[in-house]
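The structure under discussion appears below in the form of structure tokens.
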There are 2 protein chains.
Amino acid sequence: MLSTNTFRYRGTVPSATDERPYHHGKLRAALLEAAERHLRGRGADELSLRDLARELGVSHAAPRRHFADRQALLDALAEAGFARLDTALRAALAAAEADFPARVRAAMTAYLRFATENAALLDLMYTSKHRPGATRIGKAAEAPFGLMNDLIAQGQAQGALEPGAPERIGIVLFATLQGIASIINGSIVKPELLDDLVETAAQQFLRGARPLTGNS
Amino acid sequence: MLSTNTFRYRGTVPSATDERPYHHGKLRAALLEAAERHLRGRGADELSLRDLARELGVSHAAPRRHFADRQALLDALAEAGFARLDTALRAALAAAEADFPARVRAAMTAYLRFATENAALLDLMYTSKHRPGATRIGKAAEAPFGLMNDLIAQGQAQGALEPGAPERIGIVLFATLQGIASIINGSIVKPELLDDLVETAAQQFLRGARPLTGNS
DNA sequence: CTACAATGTAGCTCATGACAACATTCGGGT
DNA sequence: ACCCGAATGTTGTCATGAGCTACATTGTAG
């Protein structure tokens, strides 16, 4: 597509000079890749379409061919983010021990690893001004959520968690993770405390949601 | 310019006509008030200084006399937000029963009430790009934090919580609150579930952080 | 090989934040 | 009272970015 000329440029090879081909070829993918890179460290509101266009050596209006507006690019980033998060969680759970506490810790750690390494992206994923027709994002978000619910259900089956709707327990666990990510990313607490926080949260969760055995 | 005669006011009260006085008089306070109002529903990034100026019937450059730049206004909003949050929490705790579980629920409810009613403001308070010299915000944030720690310490004194550094336990509780606020404000879960979530989180916290009595 | 779709470009409008130069008002010192 | 400097507000300007339209180039299906 972008390589191996079929006679364009009438006899001269474009790469021989610094001439860019008129068509970038993979602009959409390149924009997403560059945007995600820009998102590391900076916030989403500092992401400029024109900036990306400049970086990719393309005119300021070119991105519009692939994303109707700025928000569309952000939505696409969020959607891709959920896919990456899902992959990371699945990988972590696949590599984890079989016993429930270990699996919970593995999932929590993997989530927070993703959340702290992709702070701005995470923010985008969850605050992406859900405009009326943002079904794709909601759809993409279901995968990680389902994973968490499966984990909870598994814990209940093993008798490690009290019975009941998995969502009821799962949402609070998810909220705690989200909150930890938030206070780390917001520099409220030092990143060094992350492991400590995860361990405390895991213990509280496992103790707080286990079945009632005799005493109150 | 907009007033023709140079002799305006000379013995007449300005409010008698619709002429605005050259000096607004309380521009800073009015800006903060208007900004906070604009923040309800919309996000902080949609807050425009020029918009505020227009609304207050003042020139587009006037706000600059009171806030060096946009971020300075946002910082001031965040600072005021922490003060309001502190007030709300203190009021809730003052009105609460003496027993620890009731006080925890009161604090959690008050926090989440503030958080959901001031979504954009809360976001501002915790993501306000902490620029190097943002000491004022950090200072303002300490009050609510101290309150939470006091509550934890009180629970420990009553034997309702395991001993240890209050922060260690408190941070996780705070994170959970923050996370619940985040998923409600981000429309991940329906607002109607808020009370349910609070109750579940409270139960898990009280059970998960209480002293170990005999069994593991 | 030709018409049309896809993709990229150039140039415009509009809004905003930041800045500078100037105007008006307020208040304190004499 | 009066004057002068400090606050506070105004107009004008610039740079940047989003979004739009008209146009140019390339890819491709028929």
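The values are calculated or read from the model by the stated rules, or taken from the named source; none is laboratory data. Just so it is clear, the model here is predicted, and its values are computed rather than measured. So basically every Cβ, Gly included, is an ideal-geometry build from the backbone, and we count neighbours across all protein chains shown.
Structure above, values below:
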{"quantity": "Segment A:31-50: number of residues that are surrounded by fewer than 16 Cβ atoms within 10 Å (Cβ to Cβ) and over 15 Å from A:F67 (Cα atoms)", "calculated": "7"}
{"quantity": "Residues satisfying the stated conditions in segment A:190-216, i.e. assigned to a loop (DSSP other than H, G, I, E, B) and either over 21 Å from B:R210 (Cα atoms) or facing chain B (nearest Cβ under 8 Å) (or both)", "calculated": "A:K190, A:A209, A:T213, A:G214, A:N215"}
{"quantity": "Near pairs, Cβ below 8 angstrom, 6+ apart or cross-chain, from segment B:35-51 (under 12 Å from B:L74 (Cα atoms) and away from chain A (no Cβ under 12 Å)) to any residue that is away from DNA strand D (no atom under 16 Å from the Cβ) and of a type in the set (G, A, S)", "calculated": "B:E36/B:A80; B:L39/B:A120"}
{"quantity": "Options B:A78, B:A88: the member that is away from DNA strand D (no atom under 13 Å from the Cβ), part of a helix (DSSP H, G or I) and within 15 Å of B:S128 (Cα to Cα)", "calculated": "B:A78"}
{"quantity": "Pick from segment B:184-194, criterion in contact (Cβ under 8 Å) with a residue 12 or more places away in the chain and of a type outside the set (A, V, I, L, M), ranking: farthest from B:A115 (Cα to Cα)", "calculated": "B:P191"}
{"quantity": "Enumeration of residues in segment B:42-52 that are more than 8 Å from DNA strand C (Cβ to nearest atom) and out of contact with any Leu (no Cβ under 7 Å at 6 or more places or on another chain)", "calculated": "B:R42, B:G43, B:D45, B:E46"}
{"quantity": "Tally of residues being on the phi < 0 side of the Ramachandran plot and touching a residue at least 24 places away in the same chain (Cβ under 8 Å) across segment A:52-73", "calculated": "9"}
{"quantity": "Meets criteria (out of contact with any Leu (no Cβ under 7 Å at 6 or more places or on another chain) and either surrounded by fewer than 22 Cβ atoms within 10 Å (Cβ to Cβ) or touching a residue at least 12 places away in the same chain (Cβ under 8 Å) (or both)) for A:A76", "calculated": "no"}
{"quantity": "Qualifying positions in segment B:203-216 - touching a residue at least 40 places away in the same chain (Cβ under 8 Å) and surrounded by fewer than 20 Cβ atoms within 10 Å (Cβ to Cβ)", "calculated": "B:L206, B:R210, B:P211, B:L212"}
{"quantity": "So A:A35, is it among the hydrophobic types (A, V, I, L, M, F, W, C), modelled with pLDDT of 95 or more and within 14 Å of A:L121 (Cα to Cα)", "calculated": "yes"}
{"quantity": "Any pair with Cβ under 6 angstrom, 6 or more apart, that starts in segment A:146-160 at a residue that is under 16 Å from A:G208 (Cα atoms) and ends at one that is of a type in the set (A, V, I, L, M, F, W, C) and at pLDDT below 95", "calculated": "A:I152/A:I169"}
{"quantity": "Failed condition for A:F114, given (1) touching a residue at least 40 places away in the same chain (Cβ under 8 Å); (2) under 19 Å from B:Q178 (Cα atoms)", "calculated": "(1)"}
{"quantity": "Conditions (1) β-branched (V, I, T); (2) more than 21 Å from the chain's Cα centre (by Cα); (3) assigned by TED's automatic domain parsing to the domain that holds A:L193; number of the one not met by A:V58", "calculated": "(3)"}
{"quantity": "Top-ranked residue of segment A:94-111 - restricted to ones that are surrounded by 19 or more Cβ atoms within 10 Å (Cβ to Cβ) and in contact (Cβ under 8 Å) with a residue 24 or more places away in the chain, ranked as farthest from B:N185 (Cα to Cα)", "calculated": "A:F100"}
{"quantity": "From B:A115, B:A106, residue being in a helix (DSSP H, G or I) and either β-branched (V, I, T) or over 16 Å from B:N149 (Cα atoms) (or both)", "calculated": "B:A115"}
{"quantity": "Residue within segment A:118-129 that is part of a loop (DSSP other than H, G, I, E, B) and within 10 Å of chain B (Cβ to nearest Cβ) present", "calculated": "yes"}
{"quantity": "Residues being assigned to a loop (DSSP other than H, G, I, E, B) and within 11 Å of chain B (Cβ to nearest Cβ) - total across segment A:148-189", "calculated": "8"}
{"quantity": "Residue check, A:E167 without any contact (Cβ under 8 Å) to a residue 24 or more places away in the chain and closer than 18 Å to B:T176 by Cβ", "calculated": "yes"}
